[in-house]
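*Asks:* This structure is in structure tokens; I'll ask about it shortly.
The values are calculated or read from the model by the stated rules, or taken from the named source; none is laboratory data. Here the structure is a predicted model, which means the values were calculated and not measured. When we count neighbours, we look across all protein chains shown, and the Cβ atoms used for this are built from the backbone with ideal geometry, even at glycine.
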Amino acid sequence: MRSTRSRLSRRALLAGAGAIAAALAAPALAQAWPARPIKLAVPFAAGGGTDVLARVLAQALSEKLGQQVVVENRVGAAGNIAMESVIRAAPDGYSLLMGTNGAVAVNRHLYANLSFDPLRDLMPVALTFRIEHMMAVTNALPAHSVADVVALAKAEPGKLFFGSGGVGSMIHLAGELFRAKAGINIVHVPYRGGGPAMIDLVAGRISMMFDSLPSAAPQVKAGQVRALAICGPQRHALFPELPTMIEAGIPGYSAGTFGGLFAPRDTPAPIVAQLNAAVKDLVESAAFREQLGRAGGDAKWSAPTQLAEMMTQESALWEQIIRQAGITAP
């Protein structure tokens, strides 16, 4: 009996010692990281909105962490190539993803044969920015409010066209959400990028777009297209006179692009915490917010759990819209 108790006590002591060692090792791990440059995979081409914002963030994080954060543009399959490269990387804090809701939350519903699940296989680190979208119409359309557009669409179903940067893009989905919430029949016209779609909007060959603010703002300010509403839940400082879609009469409407840092699933918690704290410090800096704002994004921060919840909510929202509209990846 005494021998059994002795063995149990020894095991308890060893287990306790192991737990203490792990607890002591965690801060040491965080202090040792980063010891070399960090790779930040960006799912989109150099020069695009997400890439520009990612480079602003990478430069600021490099200064904050004392190691270079190197942007790598891994383009293809609407972000799936970049996501998979990070998911398959070693979970050591040296491979990160600049993930957007379009890639992380939407692609899992567009691509039936994905070999991974972004919500399961990526570790949320921190929300970093949001890019608002706006509803804009061609000047040739006799509509000066969202209500005018809805009335026109109901009077002539299938006669109004909305352009996007491609099937499954957030510009596309924002239009599909409008169609569903307003109960109207408008026709989607996909383009190879938002730029060509905007050219046709200016020319009057399509009726409307739900473009990102950085992309649409120059044309709106130049009077080449007419802005009707902000697609996000709040009015925007760049266009304070514009109502939100909800204020304009579309209940429950909210669409936008937001990006966050993600890591491979088993990345140690101390590294995730250190990264999250660094992003929080940056977002609280007026200089960083101003710099990100000039690049077209609104600086945002969240805890990892909040980012995970946001992506789960986005996934549920867009799954419903994708199924209703019968959207599949091209």
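*Asks:* Of the numbered conditions (1) assigned to a loop (DSSP other than H, G, I, E, B); (2) surrounded by 17 or more Cβ atoms within 10 Å (Cβ to Cβ); (3) of a type outside the set (S, T, N, Q), residue 266 fails exactly one; give the number of that condition.
*Replies:* (2)
*Asks:* Listed residues 125, 86, 137; which is part of a helix (DSSP H, G or I), buried (at least 16 other Cβ atoms within 10 Å of the Cβ), of a type outside the set (Gly, Ala, Ser) and touching a residue at least 40 places away in the same chain (Cβ under 8 Å)? Explain how you work it out, then say what you get.
*Replies:* Numbers: 125 fails: part of a helix (DSSP H, G or I); 137 fails: part of a helix (DSSP H, G or I).
Selected residue: 86, the only one of 125, 86, 137 that is part of a helix (DSSP H, G or I), buried (at least 16 other Cβ atoms within 10 Å of the Cβ), of a type outside the set (Gly, Ala, Ser) and touching a residue at least 40 places away in the same chain (Cβ under 8 Å).
*Asks:* Could you say which residue among 319, 309 is in a helix (DSSP H, G or I), surrounded by fewer than 19 Cβ atoms within 10 Å (Cβ to Cβ) and touching a residue at least 60 places away in the same chain (Cβ under 8 Å)? Lay out the reasoning, then the answer.
*Replies:* Working: 309 fails: touching a residue at least 60 places away in the same chain (Cβ under 8 Å).
319 is the lone residue from the list that is in a helix (DSSP H, G or I), surrounded by fewer than 19 Cβ atoms within 10 Å (Cβ to Cβ) and touching a residue at least 60 places away in the same chain (Cβ under 8 Å).
*Asks:* Just to be sure, is residue 175 without any contact (Cβ under 8 Å) to a residue 60 or more places away in the chain, in contact with a Phe, Trp or Tyr (Cβ under 8 Å, 6 or more places away or on another chain) and crowded, with 17+ Cβ neighbours inside 10 Å?
*Replies:* Details: without any contact (Cβ under 8 Å) to a residue 60 or more places away in the chain: yes; in contact with a Phe, Trp or Tyr (Cβ under 8 Å, 6 or more places away or on another chain): yes; crowded, with 17+ Cβ neighbours inside 10 Å: yes.
Against the criterion (without any contact (Cβ under 8 Å) to a residue 60 or more places away in the chain, in contact with a Phe, Trp or Tyr (Cβ under 8 Å, 6 or more places away or on another chain) and crowded, with 17+ Cβ neighbours inside 10 Å), residue 175 qualifies.
*Asks:* Scan the range 254-273 for residues that are touching a residue at least 60 places away in the same chain (Cβ under 8 Å) and among the small types (Gly, Ala, Ser) and jot them down.
*Replies:* To start, the set of residues in the range 254-273 that are touching a residue at least 60 places away in the same chain (Cβ under 8 Å) comprises 255-273.
Scanning the range 254-273 gives 255, 256, 259, 260, 263, 269, 273.
*Asks:* Name the pairs: first residue in the range 141-155 and in contact (Cβ under 8 Å) with a residue 12 or more places away in the chain, second residue β-branched (Val, Ile, Thr) and in a helix (DSSP H, G or I), Cβ to Cβ under 8 Å, at least 6 apart or on different chains?
*Replies:* The qualifying pairs are 141/149; 143/149.
*Asks:* Please find, within the range 191-202, the residue that is farthest from residue 76 (Cα to Cα) out of those that are touching a strand residue (DSSP E or B) at 6+ places or on another chain (Cβ under 9 Å) and without any contact (Cβ under 8 Å) to a residue 40 or more places away in the chain. Spell out how you get there, then give the answer.
*Replies:* We begin by selecting, within the range 191-202, every residue touching a strand residue (DSSP E or B) at 6+ places or on another chain (Cβ under 9 Å); these are 191, 194, 196-198, 200-202.
Adding the requirement that they be without any contact (Cβ under 8 Å) to a residue 40 or more places away in the chain leaves 191, 194, 196-198, 200.
Working: 191: 16, 194: 16, 196: 19, 197: 20, 198: 22, 200: 25 Å.
Per the stated criteria, the residue is 200.
*Asks:* Where the second residue is at pLDDT 95 or above and the first is in a loop (DSSP other than H, G, I, E, B) and lies in the range 92-109, which pairs have Cβ atoms under 6 Å and are six or more apart or on separate chains?
*Replies:* Short answer, once both residue conditions are applied: 93/33; 93/267; 93/271; 94/38.
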